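What follows draws every value from the coordinates through simple rules; no lab data is involved. Only a predicted model underlies this, so the values are computations on that prediction, with no experimental measurement involved. Every residue, glycine as well, gets a Cβ built from its backbone with ideal geometry; the counts of neighbours run over all protein chains shown.
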Amino acid sequence: MPDAARIEREDVLLFLNCCLAATGQATFVHGAHAQQFGTAFVHAYMLHGYRRLYALCLAAGINAYNAAEIVFQLLRAPRAGTEVHARHPLENALITHALREMSPARVYRLFARLRAARVNNRRTRAVIKGYLASRDLAFDALKYRRHVKSTLKHVHHPAPGELGPFLFQSPHGRTFDTPLFEAWRAAHFSERAVYELPYTVAEGFAAKHRIPRERFLARIEPRMTDAERGRLARTRAAHAKAPAAQLSASALSGLPLERLWATILALPLKAREAQQDVLRAALARAARRALGRLTGEARAQLEALGRTALVIDNSYSARGVRQTRHRSLAVALGVFTLLDTALPDVRVALSHPLHASDPLFAHAHGDTALARPLLDVMRGTPRMPESVLIVSDGWENAPAGGVHAVLHAARTRLGFRGFALHINPVFDPVDFAPRALSTGLTTVGARASSDVVTALFFARFAQGLDTPEGLEHTLERGALAWLAEHDADGGAHG
Amino acid sequence: MAELSFAGLSFAPAQTWASVRVVPIMRDAPAPPLRLARQAVNAGATVKLDARTRYTSYVPHALVVRSAAGPQAAYGTALTKDGTLQKKRGHAWMDMHRLAKRLPSDGRHAGGARFLPLHVAIEGFLALHFGGPDVAWAAYSERALRHGFSPRWEAFCAGSGLYKLDDALRWFEIRDGQVGAALFLGSMLASVMITPHPDDYRALHRTFLTDLFGDTLYWEALYGAPAAPLPIAVHQMDHVQSWDDVAAVLDADHAARQAQSAAMLDEVRTAPRGLSTVMKLGAHKLMRFIPDLAPGAAHHLGEMIVGADGHLAYLKTLRLAPKQARRGHLLQTLAAHDWALPTAADAMGVTEKQLLNRIVDAGFGAMLRAHLRERG
């Protein structure tokens, strides 16, 4: 009969993996509906069984989809779960700060979801009003007009100043004092005013004024966010009448590592070869930026990996689906870039090396053969690696069980004593966990390359070196530090 | 009796999903100088075989085989017009001439042939003793003696109706250099497809969904045991001393899987009985075969294009349901005994009355006189 501590540890690990890997989008194997169904179950289970841990996970570096889901579940059911006494102050603080960390579009969609679920308790209204008070409502009303309008109506928040007339009345026949609103009103008639608006709002007006695409994208660039700039870099290059599509370094500079890799993977091989200097420089910059954001403790854990061997699964299933094309492979390559920048000795092997063995020219191709790359990367130089990381979606088929067999041989017969971890970017809603390659190998989910640090942290817990109480204390410490650092900043995030 | 030659072909580890197991087939030898192209038809087709015989079926696509040396058309180009497409009561219908038709070379394409995949093989099976009894015994009706078994028909299940076949094909990861696949449903080998060139296979990979399968395969896909992936046995690593030993274990496992796949395909390899050539294409021949229809394990029909050295350039097989094979076997036995019912019944080990019942159960009741058709 397994004891309660072990069950608790497995449950918490299940939930953390779900929070790191699941995004509710369709994956190569399962559709979006199945993913959402699976994650909804895991969330409901944790809410009722481990409410305090559930709320503390908001501070654990999980992805925004799951953070929004946690906030939704906590607000919808204020009394569900164990330990009824006095938990709300911590929960409220965590919720407030989690909302500020998320992108505003996601927060407003969350509010719409609360509205649709008819959640109307005082706590929810207070949270929403607090969020609205921390935002520049003029900008939000311009960019997320429909959402702000219905949110204001939901919580009966007064619309101060010109917000009311802007949202609820026609712009014709009046002028606005707020510069943003006035620019918006003028954009109906004047092309110059279009370039003072945020990019998504200006798009509609550009179509109205029939501005040529290339000119519009060039002039609106200062108003784009980093993600938009990166996403549209290729469109701009395609519209510019240049012989080969050239990505500008500035467009690539703001992207996180896996987005940058996804952009690179979308380029044909010749284009990658032609621009490899630009791409390598952008990768190095992004990696340094990601490393700079790590805390000292996280950095130390990363460096404790030592001599690292990395196996990347670039089989056809790493291509993903149309909405998140190449995401699994981009995460894997991002992990490689991060480790390569942080550590002195990193050896990498791809499951299908197509064009030399330079990961810059990787391609999602072929079947999932991980045993031989693992063998190659572990035996390459005289000394055995100290850590082995495998990034794969877990559907090993050439042959199945290859990783298990090779690791078993390495551990029992060839003297490998190091640390081995399987990072899986894909969540399997049928088993409520990322699919495991081997029973002896810890599997942790990760959807962003910087999650590798969180993955290392949770791997220690999963391997039994930390008890659930220890994890709770660590999460609590992390949560308080997270809240404190935000209070020290003092302001709302843009 | 002949055997198919899988020389120059090797197998890769299988990929499984639900009850579907797909074994990739790779070509070691250089590709034969042929290319296949797919010509969409998506219509019912009445194929004029000769002056008096028609073959009718739903045809999803036709295959055009051309010499690789000549000019190649890009995929998707409309190739030569085959027949007129009409709409009859909302269904598209086409009249075609011949199941396998030679195409002359024009300026844009090399010469070759257009044939209807699988239908070439099925027609060989349906044509078995299609003419009816040769000897006018009293038991046979006038209709059988005059018109034979017309219409002789068989029903199959389309691949799109098989449980999870669509998903399995969508998630299948095509290997580099893969030219074919062997499809297993549950424990049964359903079909083998081999194409000349890896790009041809990529284009034809999903045609398993429009292929024909005997109805037992429908039940096997639904209720057969889930095809579990066969992992490497970890105990094989118990005696390794070095990394080279580990590599040797992986190689040995690969070789063992090869042998196992080759053994699983034995029933197709030894299937051909009535081999007949349909058309000659330069050094290659388009042939078809029917299996030994005696009650036994598996009955695989097939069509293939073989080179002069016997190497397979193209192969496609279809597994008959036992009931269909029994029908063919019944006709063969009757024909072998000069259509005399008492002799044939003795040879099959049943009484004459039981043989008459078998004939009626097989759907050939129309060949008997009316008073013999009643069961009793």
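Which residues, counting only those in segment B:217-272, are crowded, with 19+ Cβ neighbours inside 10 Å, within 23 Å of the chain's Cα centre (by Cα) and hydrophobic (A, V, I, L, M, F, W, C)? Selection gives B:Leu217, B:Ala221, B:Ala227, B:Leu265, B:Val268, B:Ala271.
Within segment A:326-379, being more than 14 Å from every other protein chain (Cβ to nearest Cβ) and either aromatic (Phe, Trp, Tyr) or free of Cβ contacts under 8 Å to residues at least 12 places away in the same chain (or both) holds for A:Phe336, A:Pro344, A:Ala356, A:Ser357, A:Asp358, A:Phe361.
Any residue that is farther than 22 Å from B:Leu330 by Cα and of a type in the set (A, V, I, L, M, F, W, C) - is there at least one of those in segment B:143-157? Taking every residue of segment B:143-157 in turn, at least one turns out to be farther than 22 Å from B:Leu330 by Cα and of a type in the set (A, V, I, L, M, F, W, C).
Beta carbons closer than 9 Å, at least 6 apart along the sequence or on distinct chains, pair a first residue in segment B:241-261 that is farther than 21 Å from A:Gly380 by Cβ with a second that is of a type in the set (Gly, Ala, Ser) and surrounded by fewer than 19 Cβ atoms within 10 Å (Cβ to Cβ) for B:Asp253/B:Ala233; B:Gln258/B:Ser10; B:Ser261/B:Ser10. Tallying residues that are touching a helix residue (DSSP H, G or I) at 6+ places or on another chain (Cβ under 8 Å) and not in a loop (DSSP other than H, G, I, E, B) within segment A:339-373 yields 14.
Counting just the residues of segment A:300-325 that are free of Cβ contacts under 8 Å to residues at least 12 places away in the same chain and aliphatic (A, V, I, L, M), which one comes out surrounded by the most Cβ atoms within 10 Å (Cβ to Cβ)? Looking at the filtered set, the residue picked out is A:Ala304. Residue check: is B:Asp211 charged (D, E, K, R), crowded, with 18+ Cβ neighbours inside 10 Å, under 22 Å from B:Ala121 (Cα atoms) and touching a residue at least 12 places away in the same chain (Cβ under 8 Å)? For B:Asp211, the condition - charged (D, E, K, R), crowded, with 18+ Cβ neighbours inside 10 Å, under 22 Å from B:Ala121 (Cα atoms) and touching a residue at least 12 places away in the same chain (Cβ under 8 Å) - is met. Where strands (runs of 3 or more DSSP E) fall entirely within segment B:12-60, those with at least 1 residues that are away from chain A (no Cβ under 14 Å) and either out of contact with any Leu (no Cβ under 8 Å at 6 or more places or on another chain) or buried (at least 19 other Cβ atoms within 10 Å of the Cβ) (or both) are at B:20-27, B:34-48. If you check A:Asn424, A:Asn397 for being polar (S, T, N, Q), closer than 30 Å to A:Asn63 by Cα and away from chain B (no Cβ under 13 Å), only one passes: A:Asn424. Only a single criterion out of (1) within 21 Å of A:Leu329 (Cβ to Cβ); (2) touching a residue at least 60 places away in the same chain (Cβ under 8 Å) is not satisfied by A:Leu267, namely (2). Among the residues making up segment A:400-428, those that are in a loop (DSSP other than H, G, I, E, B), crowded, with 24+ Cβ neighbours inside 10 Å and not aliphatic (A, V, I, L, M) are A:Pro425, A:Phe427. Restricting B:Gly112, B:Gly180 to those that are more than 14 Å from chain A (Cβ to nearest Cβ), farther than 16 Å from B:Gly302 by Cα, touching a strand residue (DSSP E or B) at 6+ places or on another chain (Cβ under 6 Å) and surrounded by 22 or more Cβ atoms within 10 Å (Cβ to Cβ) reduces the list to B:Gly112.
Return yes when A:Leu94 is under 17 Å from A:Ala126 (Cα atoms) and away from chain B (no Cβ under 14 Å) and no when it is not. Spelling it out, A:Leu94 is indeed under 17 Å from A:Ala126 (Cα atoms) and away from chain B (no Cβ under 14 Å). Annotation: B:Ala366 fulfils all but one of (1) in a loop (DSSP other than H, G, I, E, B); (2) over 20 Å from the mean Cα position of the chain (by Cα); the unmet one is (1). Against the list (1) assigned to a loop (DSSP other than H, G, I, E, B); (2) in contact with a helix residue (DSSP H, G or I) (Cβ under 8 Å, 6 or more places away or on another chain), the condition A:Asp431 fails is (2). Residue count for segment A:265-275, restricted to those that are assigned to a helix (DSSP H, G or I) and either aliphatic (A, V, I, L, M) or exposed (fewer than 15 other Cβ atoms within 10 Å of the Cβ) (or both): 6. Only residues that are out of contact with any Asp or Glu (no Cβ under 7 Å at 6 or more places or on another chain) and part of a helix (DSSP H, G or I) were counted across segment B:325-346, and they come to 15.
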